[in-house]
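Have a look at the structure below before the remarks.
What follows draws every value from the coordinates through simple rules; no lab data is involved. Keep in mind the model is a prediction, meaning the values are calculated, not measured. With ideal geometry, Cβ positions are generated from the backbone for all residues, glycine too; neighbour counts draw on all protein chains shown.
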Amino acid sequence: MKNKKIKLYEIAHSRAGDKGNILNLSLIPYQDSHYAWLLQEVTEENVKQHLAHLITGKVTRYKLPNLHALNFVCDSSLGGGVTTSLRIDAHGKSLSSALLEMEIPPPITMKK
Amino acid sequence: MLKIGSGAGFSGDRIDPAVELAREVDLDYLVLECLAERTIAKAQKEKKQNSTRGYDPFLIRRIKPLLTLIDKKRFTLISNMGAANPSAAGTALIEMAASFNISLKVAVVTGDDVLQLVSGEELVLETNEKLQHYTPFISANAYLGIDSMLPAFEFDPDIIITGRVADPSLFLAPMVYHYGWDQRNCDLLGQGTLIGHLLECAGQITGGYFADPGIKDVPNLAELGFPFAIIEEDGTAIITKPENSGGIINEHTVKEQLLYEVHDPSSYITPDVTADFSKVEIKEIAENKVQIKGGAGKQKSANYKVSIGYFAGHTGEGEISYAGASAYERAQLAGEIVKKRLAAHQVYPQIEMAGVDTLHGVALTVSHPYEVRLRVAARCDTKEQADLVGEEVEALYTNGPFGGGGARKFTHECVGILSTLLSRKDVDTRVQVEVHSIEK
């Protein structure tokens, strides 16, 4: 069981925001001490790969060490944009849940 | 101490929490933010058909229960519910006040409608193409800032009604007016913009859109209270909500809202300032009381961002459900059939299964649902083509797999939204005042 991965959902929360065809996903650990672990494990490449079927553009990660939070900005990710997308969730509001499904190794300090 | 409340975070927001906020708290200002990008384009179309319309359809319903509280408690209401026709909204509010025999002074901010100034030669920010590729235009509205609103406060109005104004500016304007903040002090404007950004979605900072049972519990979510900020002269603010209201305000609700619809946190662009949220300090000082400081800023841009609404065709949708052991397989077969039938009419839809993959295009975890709802959607040039989508789904009743039920069909005109820039000096903003007085 030593190498069992965890879902981001278990240690962090997220909210999705939309501007045109650009999606942003915040990633906020419940414990500030897990920020460094997220910084290491949840990279631009990992997120792009995890949401590969949704994100056709670039992923940029912004760090907020002060707030212990990360912000992922994903270009071309909302099916053409809120107003012309055919998706049922045109705003991509539920994509926060898709991010939190991502699996990473558990942080060493994790209390189970 | 300045108190600003947030009584609505979008056009369809709940009305009761705003009334609770106005009744329970001695506010100086209550802001109702109700104007989404697409809403204004739709309102513009309505105005074209009837020059006395084109404001938010909930204007009267939302402000009516606040009217006696404005009269009694002397706070100023600020709202962008003027949408495409702020002047007509002002007139409608005065008529309502007259019918209740209440005195009311409404200041109306106009100038955001810049459709006449758009040539089509401008570049689209999202695609870098010329705007003229996206005709016909329905609306063009500049995101105005605090400088368009500040003259309105001089009339000591009961209500300030605007069209398109950047959301945080609706909150920053009363701060700048109340404390006489120097508009060259970008750090103060940045901090004020931060407070406005945190408040603009109302319940989204008090535990709305946050709850996750057992993990992020929100007490009494059913009676969610809306937020207000207590702001000091140096911009430091405490965000809280009415006592005994439902919801929660803590470090985590604040962080989620702080990053909502933000890209680079050190460069949040509004018409007033380029705000920097990267060094913000959030401190829980008591239950449901969070102190915010450390917002900063740089010089504002010389341009206004303009939101353009254009006609983008018609969207047709159809849905039908299947249940039981082979629900998924039959929904899949139904989708293939509809796709083939629509292709004969040059309609190429997107096909999804609710309960499986409508939200994200694929399912991230595998499951075998008891029921599946097939959803077929296409954007078409003509309404007739769009109608075919729902018609073909409905026809699955007698022309598709067994056991389909609950078919629904929808067609609507599709308004696309794009952005461009216009020089500030080309945009002329004005304030007009309408009054209804009663003999006391």
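Mind checking the mean number of beta-carbon atoms from other chains within 10 Å of the Cβ atoms in A:60-68?
On the way: counts 2, 0, 8, 2, 10, 2, 8, 13, 3.
That works out to 5 on average.
Could you state the angle between the C-alpha long axis of helix B:167-179 and the longest principal axis of the C-alpha atoms of chain B, as a value from 0 to 90 degrees rounded to the nearest 10?
Rounded to the nearest ten degrees, it is 10.
Tell me which residues come under 5 Å, amide H to amide H, from B:ALA354 once H is placed; ignore anything under 5 positions away on its chain.
B:ARG373, B:LEU374, B:ARG375
In what sequence do B:SER437, B:SER419 fall when counting other Cβ within 10 Å, fewest first?
On the way: B:SER437 10, B:SER419 18.
Sorted ascending by nearby Cβ count, the order is B:SER437, B:SER419.
Write down the percent of antiparallel bridges among all DSSP beta bridges whose residues are both part of the protein assembly as shown, to the nearest 5.
Here the antiparallel bridges make up roughly 85 percent for the protein assembly as shown.
Run the helix sum for the protein assembly as shown: -39,500 (n - 2.57) per DSSP H stretch of 4+ residues, divided by residue count, reported at 222 nm to the nearest 500 deg cm²/dmol. Provide the component values of the computation, followed by the final result.
Details: 14 runs with 147 residues, N = 552.
Helices in the protein assembly as shown give a 222 nm mean residue ellipticity of -8000 deg cm²/dmol.
What ranking, highest mean first, results for peptides A:11-21, A:39-49, B:12-22 when packing means the other Cβ atoms within 10 Å averaged over each residue? Please report the intermediate quantities before stating the final value.
Working: A:11-21: 21.7, A:39-49: 15.4, B:12-22: 19.5.
In decreasing order of mean packing, A:11-21, A:39-49, B:12-22 become A:11-21, B:12-22, A:39-49.
For a quick check: with amide H placed at 1.01 Å from N, whose amide H comes under 5 Å from A:ALA12's, ignoring anything fewer than 5 positions away on the same chain?
Residues meeting the amide H criterion: A:TYR30.
Give me a single rounded figure for A:13-24: the average over its residues of other chain Cβ atoms within 10 Å of their Cβ.
5
Just the ratio, please: alpha-carbon radius of gyration of chain B over 2.2 N^0.38 Å, N its number of residues.
On the way: Rg = 24.2 Å, N = 440, 2.2 N^0.38 = 22.2 Å.
Compared with the compact-globule rule of thumb, chain B sits at 1.09.
Output ³J(HN,Hα) for the stretch B:429-437: one whole-Hz value per residue in order, computed from phi by the Karplus curve 6.51 cos²θ - 1.76 cosθ + 1.60 with θ = phi - 60°, and x for Gly and Pro.
The phi angles translate into 9, 9, 10, 10, 10, 10, 10, 10, 10 Hz.
Can you tell me, using C-alpha contacts under 8 Å and at least 6 residues apart, the relative contact order of chain A as a whole percent? Walk me through the numbers before you get to the answer.
Values: 205 pairs, mean separation 43.1, N = 112.
Reported as a whole number, the value is 39 percent.
Over chain B, what is the mean sequence separation of C-alpha contacts under 8 Å (at least six apart), divided by residue count, expressed as relative contact order in percent?
Numbers: 1034 pairs, mean separation 81.0, N = 440.
Value for chain B: 18 percent.
When the Karplus curve 6.51 cos²θ - 1.76 cosθ + 1.60 is applied with θ = phi - 60°, which whole-Hz ³J(HN,Hα) does each residue of the stretch B:11-28 get, with x for Gly and Pro?
Per-residue couplings from phi come out as 4, x, 5, 5, 9, 4, x, 5, 5, 4, 4, 5, 7, 8, 10, 7, 7, 8 Hz.
Within 10 Å of each Cβ in peptide B:308-318, how many partner chain Cβ atoms are there on average? Round it to a whole number, please.
1
Pairs of Cα atoms under 8 Å, at least six residues apart: use those to get the relative contact order of the stretch B:311-416, whole percent. Could you put the intermediate results ahead of the total?
Values: 227 pairs, mean separation 52.3, N = 106.
It comes to 49 percent, rounded to a whole number.
Starting from the Kirkwood radius over alpha-carbon pairs of the protein assembly as shown, derive D by Stokes-Einstein at 20 °C in a medium of 1.002 mPa s and give it in µm² s⁻¹. It would help to have the intermediate numbers written out before the result.
Details: Rh = 24.9 Å.
Estimated diffusion coefficient is 86 µm²/s.
Would you mind checking which residues have amide H under 5 Å from B:ILE138's amide H? H placed 1.01 Å from N; only 5 or more apart, or other chain.
B:GLY309, B:TYR310, B:PHE311
Pairs A:LYS7/A:LYS48; B:LYS241/B:LYS289; B:LYS3/B:LYS255; A:LYS19/B:LYS289; A:LYS63/B:LYS279; B:LYS105/B:LYS425: which exceed 19 Å Cα-Cα? Show your work: numbers first, answer last.
Values: A:LYS7/A:LYS48 16 Å; B:LYS241/B:LYS289 8 Å; B:LYS3/B:LYS255 21 Å; A:LYS19/B:LYS289 30 Å; A:LYS63/B:LYS279 11 Å; B:LYS105/B:LYS425 29 Å.
Among A:LYS7/A:LYS48; B:LYS241/B:LYS289; B:LYS3/B:LYS255; A:LYS19/B:LYS289; A:LYS63/B:LYS279; B:LYS105/B:LYS425, the Cα-Cα distance tops 19 Å for B:LYS3/B:LYS255; A:LYS19/B:LYS289; B:LYS105/B:LYS425.
Could you run the Karplus curve 6.51 cos²θ - 1.76 cosθ + 1.60 with θ = phi - 60° over the stretch B:75-85 and give me ³J(HN,Hα) per residue in whole Hz, x for Gly and Pro?
Working through the residues one at a time gives 9, 9, 8, 10, 8, 8, 5, x, 6, 7, 8 Hz.
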